[in-house]
Amino acid sequence: MTSRHRITLLPGDGIGPEIMAVARQLLDAVSRRHQLELVYDEQPIGGAAIDVSGEPLPAATLEACRASDAVLLAAIGSPQYDSLPRPQRPETGLLGLRGGLGLFANLRPVKTVPALIGASTLRPEVISGVDLLVVRELTGGIYFGTPKGRVQAAGEERAFNTMAYSSSEIDRIARVGFDLARGRRGRLCSVDKANVLDVSQLWRERVVALHTADYGDVELSHLYVDNAAMQLVRAPRQFDVLLTGNLFGDILSDEAAMLTGSIGMLPSASLGSDGPGLFEPIHGSAPDIAGQDRANPLAMVLSAAMLLRVGLKQEAAAADLEAAVDRVLEAGYRTGDLMAEGCSLVGCQAMGEQLLQALES
Ligand code: IPM
Ligand code: MG
């Protein structure tokens, strides 16, 4: 019996359309093999949406996402929109989508790929065997806090944002972190800046209280964010699940991405308490290489795999896609960001073709 799923595709800006085209071919191929019927609805977001409608998240795009079973996003943003007022910037569209779908939990798995161990700027003995998960709060903190803005005060301009969390916001993301730790190696490290920030003090108190009440079986530790940044490059194997607020998770997940060799390797899932999840690579739109067939589509393909596993509960299809990625890397195919001596340099499309072959083999 075929199972039918509606997927909203959001190619967005920069390299987005190129890597989305590869992901779509792979999704088609893998769904044929696993008797899935995927029905796509492609919608504009970010700069691409500004071009056609004047706004980065048209109501029709948000509606289409709400009506689907899962959302696949490539990337948003391009320098040509950077001088627009904030409500009209591509990033505002992405934040509106996260907020609009209530996607408070962002999961960013970071796992060393043996074939890429030489591609990282860090030494192999430091990064081999890394397998960690960043659980980032995604709809609160300083990204969404009020008051915020810019004012004229005492003859000069002042700008400000607010980092705020309520206890219920902390509890629900902490529960996600604890639950995921239980299914992994049972260790959760909560990241904060409780030595300086009131918001972090509340964060730490709530995490400790939840641990005492419901998660005594999980090994809990705490790190200040500055120390966490250092530990990630000093001894990354110590981490299992890293629990962070919105801003700290944004910063630490880019840093953690380098443990895999390239930021072009990291997928992510953003989930709410109900409704469709959003699946996207953590890298950006790379406008400098857009349209040149040089982008690395692997994080995009791995995001499609996460969509299959987490969004549609299709474990076997997800594992097939991931195995195809492993196989092309083992066979030595590399996009420019991962290129190493003795490997074969391929563009985005050719990488897609290799992935298709690996999937069918
Ligand atoms: C990310 C990105 C976004 C963020 C930007 C594009 C708004 O950096 O998903 O990590 O800051 O959350
Ligand atoms: Mg980021």
Provide the descending list of Cα extents for the range 208-361 along its principal axes, expressed in whole angstroms. 52, 34, 28
To the nearest 0.05, how large is the calculated FRET efficiency for residue 123 and residue 82 if R₀ is 45 Å and r is the Cβ-Cβ distance? 0.80
For a quick check: with amide H placed at 1.01 Å from N, whose amide H comes under 5 Å from residue 285's, ignoring anything fewer than 5 positions away on the same chain? 76
Students sometimes get this wrong: rank 300, 258 by accessible area, probe 1.4 Å, all chains present, largest first. 258, 300
Starting from the Cα of residue 357, step 7 Å along the direction of its Cβ; do the same at residue 288; then give the gap between the two resulting points in nm. 3.1 nm
Rounded to the nearest 20 debye, dipole of the chain from Cβ charges on Lys, Arg, Asp, Glu: 540 debye
I'd like the distance separating the alpha-carbon centroids of the range 203-231 and the range 1-78, in whole Å. 36 Å
Of 204, 123, 150, which has the largest mean-square fluctuation in a 10 Å C-alpha GNM of the chain? 150
Label point 7 Å beyond Cα of residue 254 along Cβ direction - residues of the range 81-100 with amide nitrogen under 15 Å: 91
Over the range 7-88, calculate the relative contact order: mean separation of alpha carbon pairs under 8 Å at least 6 apart, over the residue count, as a percent. 48 percent
To check you understand DSSP bridge types, tell me what percent of the beta bridges within the chain (both residues inside) are antiparallel, rounded to 5. 40 percent
Beyond 16 Å, the calculated P(r) of the range 1-82 holds a percent of Cα-Cα pairs equal to 53 percent
Note on the range 121-260: C-alpha Rg/Rh, Kirkwood Rh, two decimals, gives 1.04
Of 81, 333, ordered by accessible area with the largest first and a 1.4 Å probe, the sequence is 333, 81
Among the lysines, which have Cα under 24 Å from the Cα of residue 148 when same-chain residues fewer than 8 positions away are ignored? 193
With every protein chain left in place, what is the accessible area per residue of the range 181-226 in square angstrom, probe 1.4 Å? 53 Å²
Selected from 172, 158, 136 as most flexible by GNM, with the chain as the system and alpha-carbon contacts under 10 Å: 158
About its Cα centre, the range 141-261 carries a charge dipole, from +1 on Lys and Arg Cβ atoms and -1 on Asp and Glu Cβ atoms, whose size in debye to the nearest 20 is 180 debye
Restricting attention to the alpha-carbon atoms of the chain, what are Rg (one decimal) and Dmax (integer), both in Å? 20.3, 70
Length gained if residue 154 through residue 234 is fully extended, taking 0.36 nm per residue and subtracting the Cα-Cα distance, is 24.3 nm
Given a 1.4 Å probe and every protein chain left where it sits, what share in percent of the accessible area of the chain is carbon and sulfur? 51 percent
Of 128, 78, 53, the most mobile residue in a GNM of the chain (C-alpha springs, cutoff 10 Å) is 53
Cα lying deepest toward the dipole's positive end in the chain, options 118, 11, 235, charges on Cβ: 235
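The values are calculated or read from the model by the stated rules, or taken from the named source; none is laboratory data. Quantities reported herein were computed from a predicted structural model and do not represent experimental measurements. Here the Cβ is made from the backbone with ideal geometry for all residues, glycine too, and neighbour counts use every protein chain on show. Accessible surface areas use protein heavy atoms only, side chains included; no ligands, DNA or RNA. Shrake-Rupley method; radii C 1.70, N 1.55, O 1.52, S 1.80 Å.
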